[in-house]
1. How many of the residues in region 145-181 are within 23 Å of residue 109 (Cβ to Cβ) and within 17 Å of the chain's Cα centre (by Cα)?
2. If you go through region 112-155 one residue at a time, how many are buried (at least 17 other Cβ atoms within 10 Å of the Cβ), closer than 30 Å to residue 255 by Cβ and of a type in the set (Lys, Arg)?
3. Regarding residue 135, is this residue more than 30 Å from residue 40 (Cβ to Cβ) and not aromatic (Phe, Trp, Tyr)?
4. Determine, yes or no, whether residue 65 is hydroxyl-bearing (Ser, Thr, Tyr) and touching a strand residue (DSSP E or B) at 6+ places or on another chain (Cβ under 6 Å).
5. Residue under question is residue 196, and the condition is that it be closer than 28 Å to residue 122 by Cβ and out of contact with any helix residue (DSSP H, G or I) (no Cβ under 6 Å at 6 or more places or on another chain); does it hold?
6. Report yes if residue 232 is in contact with a His (Cβ under 7 Å, 6 or more places away or on another chain) and surrounded by 18 or more Cβ atoms within 10 Å (Cβ to Cβ), otherwise no.
7. Filter region 17-58 down to residues that are under 27 Å from residue 279 (Cβ atoms), within 15 Å of the chain's Cα centre (by Cα) and basic (Lys, Arg), then give me how many there are.
8. Cβ-Cβ under 8 Å, sequence separation 6+ or interchain: first residue in region 19-48 and under 17 Å from residue 64 (Cα atoms), partner assigned to a strand (DSSP E or B) and of a type in the set (Ser, Thr, Tyr). Which pairs?
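The values are calculated or read from the model by the stated rules, or taken from the named source; none is laboratory data. Owing to the predicted nature of the structure, the values given are computational and were not obtained by experimental measurement. So basically every Cβ, Gly included, is an ideal-geometry build from the backbone, and we count neighbours across all protein chains shown.
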Amino acid sequence: MDLILHHYDASPFSEKVRIVFGMTGQAWSSVITPNMMPKPDLTPLTGGYRRAPVLQAGADVYCDSMAILDELQRRTPLAGDRGLAGLRGIGLWADRLFFQATVPVIFGEMGHLTPKAFIADREKLSGRPFDVEAMAQAAGPMRIQWRGHASWLDYALGDAPFLAGDRPGLADASAWMNIWWLKGALPDTYDRLTVGLDRLEAWRRRMADIGHGVRKEITGAEALAIAKSVRPADPPAHDPNDALGLSPGDAVVVMADDYGRDPIAGTLVAARHSRLILAQETPDLGRLHLHFPRVGYVALSGQS
């Protein structure tokens, strides 16, 4: 089944996925989704989940970049990435600690240019103020934090061309996100914060050369038609030792534990240690399977 990425080009979390496509030479279809609500060609697929990116494989829908990278690794394993537990840890560090340093550095300088509609959307998404003045005040201290995170990468590279070794892997994709975002948004600031981190800069150039695989643009309507035309793939086996005691057929509600906590309801298909799969029966698209990570998400018994 062809892979379809619902994303937008400026999204740092989407960039993690796009560069993995480059590492594997993957052919994929691109659907550009708006960077704020409404998202009429995305939320029908996801039961209301709104964050980018989302990966679609027919009627299987993978929400959150962690679930997406796990699925891509299952399909086309990358070199040097057998220790997935450690790699998931790198992903959480990049998604949360490093990302939380990058946001105020960027918006502390560019916040005054941010459209009011985008600010209102992000306030609704996060449940807290998107305070550009506060980020401007925090930008100085957070630049120190940002350089500290970047220096970890410089040290971790050692004499290897990539974090995964001789060839790039998932660790490189996760670490790449914040480097790519700051370099693209504020190149002068990036250059100041990476002075002396020569291994990091050499790595950044190698990563930039990887590209995004073979990209083809399609419309959201085409992606929805594909989902409607097929049934979900056979799911993995359910873990009978699930920590919540969930069983296939249970009504479950899933939501992120950080921001964008929109509750997504469905019927449990399978619970695994790293993935939760919900089924939704929709009047327009038929049966969909929604895949969520376990870490970073909360699952509760609920009405589907």
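1. Residues in region 145-181 being within 23 Å of residue 109 (Cβ to Cβ) and within 17 Å of the chain's Cα centre (by Cα): 7 in total.
2. Within region 112-155, residues that are buried (at least 17 other Cβ atoms within 10 Å of the Cβ), closer than 30 Å to residue 255 by Cβ and of a type in the set (Lys, Arg) number 1.
3. Taking the combined requirement at face value, the residue satisfies it.
4. no
5. Against the criterion (closer than 28 Å to residue 122 by Cβ and out of contact with any helix residue (DSSP H, G or I) (no Cβ under 6 Å at 6 or more places or on another chain)), residue 196 does not qualify.
6. Against the criterion (in contact with a His (Cβ under 7 Å, 6 or more places away or on another chain) and surrounded by 18 or more Cβ atoms within 10 Å (Cβ to Cβ)), residue 232 qualifies.
7. Looking only at that region, the number is 2.
8. Here the result reads 44/282, each pair linking region 19-48 to a residue that is assigned to a strand (DSSP E or B) and of a type in the set (Ser, Thr, Tyr).
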